[in-house]
1. Where in the stretch 144-160 is the amide nitrogen less than 17 Å from a point lying 7 Å along the Cα-to-Cβ axis of VAL73?
2. Sort PHE130, PHE104 by Cβ crowding within 10 Å, fewest neighbours at the top.
3. If only Cα atoms are counted, what is the Rg of the chain, and what is its Dmax, in Å?
4. Going by how many other beta carbons lie within 10 Å of each one, how would you line up TRP102, TRP31, fewest first?
5. In which sequence would MET101, MET120 go, from the one with the fewest C-beta neighbours within 10 Å to the one with the most?
6. In nm, to one decimal, how far is the modelled label at ALA159 from the one at GLN91, with both set 7 Å along Cα→Cβ?
7. Using θ = phi - 60° and the Karplus relation 6.51 cos²θ - 1.76 cosθ + 1.60, list the HN-Hα couplings for the stretch 62-71 in order, rounded to whole Hz, with x at every Gly or Pro.
8. Using +1 at the C-beta of Lys and Arg and -1 at the C-beta of Asp and Glu, which of PRO45, ASN93, ALA128 has the Cα lying farthest in the positive direction of the dipole of the chain?
Amino acid sequence: MAEILEALALRRARRAYDLRPVEADVEEALWEAVSVAPSHGNSQPTRVVVARSAARRGALVHALNEGNQQWAVAAPLLAAILAVPAHDFPQTNSDGTVRDMWAFNAGIATGNLLAQATAMGLLAHPMAGFDEPAVRVALDIPGDVRVLVVAAIGYPGRADSLPDDLRKKEDIPQERVPRTALVADDSWHESQAIGWREWRKRLAEGH
Ligand SMILES: Cc1cc2nc3c(=O)[nH]c(=O)nc-3n(C[C@H](O)[C@H](O)[C@H](O)COP(=O)(O)O)c2cc1C
């Protein structure tokens, strides 16, 4: 239990990678962590495509936004985390509204991936900053499959390998909403309606 929290708390979205490749057995443990994730009705909608060849890697990097391109290009392993909505078992509410579960299921699997990577001393940084149609073309992904994140994975490298603006971000303290905004007892609490940007302002002003 303590070991899990340690791995979760150690994880940071850093950007400096070492050149050292990720060994095949280490990579396999990442996919096993994805595989064992729970999913609604055991639907397992999560899929992964790893960009192996130089051509596919290049196309995937090109599909990232410019800010991500400048550091993610150095990651030894680039993988698109996908979900297949057609595999879902959506839940229907009494008012007829529908709850899709595929993104939630794939999110849990991605959380497993990040935790396992951290526990093995890897840096795994998910990115939503990409163009989905371009990722589809880069990796031959069909139109009915959703690209959720691209993960940049590798061993941590030296922060001074990064441009100045990114280097400064490597060790900024982890910022989170106060616990009272996260968890409430018995009923919704007004502090839960406050978003991170507003919390950040209030905390900076000493509220
Ligand atoms: C779904 C998702 C998408 C993200 N997309 C990006 C991204 O495109 N580029 C980036 O630099 N970081 C991205 N991040 C990293 C977040 O910025 C980071 O997790 C957040 O600032 C908190 O920092 P921490 O992970 O170090 O605690 C993403 C994280 C998640 C979970």
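We did not get these values from a lab; they are worked out from the coordinates using the rules stated. On a predicted model such as this, the values are computed, not experimentally measured, just so you know. As a convention, Cβ positions derive from the backbone with ideal geometry for all residues, glycine included, and neighbour counts pool all protein chains shown.
1. Answer for the stretch 144-160: 152-153.
2. Going from sparsest to densest Cβ surroundings: PHE104, PHE130.
3. That works out to 18.7, 55 Å for Rg and Dmax.
4. Ordered by Cβ neighbours within 10 Å, fewest first: TRP31, TRP102.
5. MET120, MET101
6. Between ALA159 and GLN91, the simple spin-label model gives 4.2 nm.
7. Working through the residues one at a time gives 4, 7, 7, 6, 4, x, 6, 4, 5, 10 Hz.
8. Going by the Cα projections, it comes out as ALA128.
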